[in-house]
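The values are calculated or read from the model by the stated rules, or taken from the named source; none is laboratory data. The structure presented is a predicted model; accordingly, all values stated were derived computationally and were not measured. All Cβ positions, glycine included, derive from the backbone under ideal geometry; neighbour counts span all protein chains shown. Remember, those area values only see protein heavy atoms, side chains included, never the ligands or the DNA or RNA. Shrake-Rupley method; radii C 1.70, N 1.55, O 1.52, S 1.80 Å.
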Amino acid sequence: MSVDAELANRLTLVSVRLTRWLRAADAAATLSGPLASALAVVVHAGRIRMSDLAALEEVSRPTITRVAAELQALGLIDRAAAPADARVGWLSATPAGRARLAEGQARRIAPLAEVMAGLSREERETLGAAAELLERLVDRGIGASAGSSARS
């Protein structure tokens, strides 16, 4: 295995472990993983088409329709048809949806913040720099994926 492949494997494994640890630490979670993920995308997008949400969540249109219907029934998102084409569904988060997401994020980051408090200033700076680098790598990877799918 190349050095880059080995590092990529380590990063993948630690990101999965981190996600699982923080999800398990959130005993008060009230949304399933798919509902929480879709809500997060809608909140961060501001407003998103149903088809775009399906693509981002990597699920079929019927699946995202069910997820959106459940989030709407919970009062966490609003759904509206586009004026020019009623077949196009726009989703946006309600104030309750934004609050639910923020509450969940606060619960999930608390254990990590607690552990990070034991790091030295230098270690926190290193971690911050690593986070910035990871964000750039992910953005670059997403951009490359979007570009390749657009060319297909």
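Among the helices of the chain (complete DSSP H runs), which have Cα atoms covering no less than 30 Å along the helix axis and a Kyte-Doolittle mean of at least -0.5?
In the chain, the long hydrophobic H runs are 3-25, 95-116, 121-151.
In a shell of Cβ-Cβ distance under 14 Å around TRP21, excluding TRP21 itself, what net charge do Lys and Arg (+1) and Asp and Glu (-1) give?
Once positives and negatives cancel, what remains is +3.
With equal scatterers on the alpha carbons only and no solvent term, can you work out the Debye log10 of I(q)/I(0) for the chain at 0.14, 0.19, 0.21 1/Å?
Debye output, listed in q order: -0.90, -1.30, -1.38.
If you take the charge dipole of the chain about its Cα centre, with +1 on Lys and Arg Cβ and -1 on Asp and Glu Cβ, which of VAL138, PRO111, ALA73 is farthest toward its positive end?
The one lying farthest along the dipole's positive direction is ALA73.
Given a 1.4 Å probe, how much area per residue of the stretch 11-68 is accessible, in Å²?
Heavy-atom SASA per residue in the stretch 11-68 reads 62 Å².
Filter the trypsin sites (Lys or Arg not before Pro) in the stretch 45-95 down to the DSSP loop ones having no more than 15 other Cβ atoms within 10 Å, then list what survives.
The qualifying sites are ARG47, ARG87.
At 222 nm, what helix-only mean residue ellipticity would the chain give, in deg cm²/dmol to the nearest 500, using -39500 (n - 2.57) for each DSSP H run of four or more?
-24500 deg cm²/dmol
Under a Cβ-only charge scheme (Lys and Arg +1, Asp and Glu -1), can you give me the dipole magnitude of the chain about the Cα centre, in debye to the nearest 20?
Roughly 420 debye for the chain.
Round to a whole number: what % of the accessible area of the stretch 1-92 belongs to carbon and sulfur, probe 1.4 Å?
57
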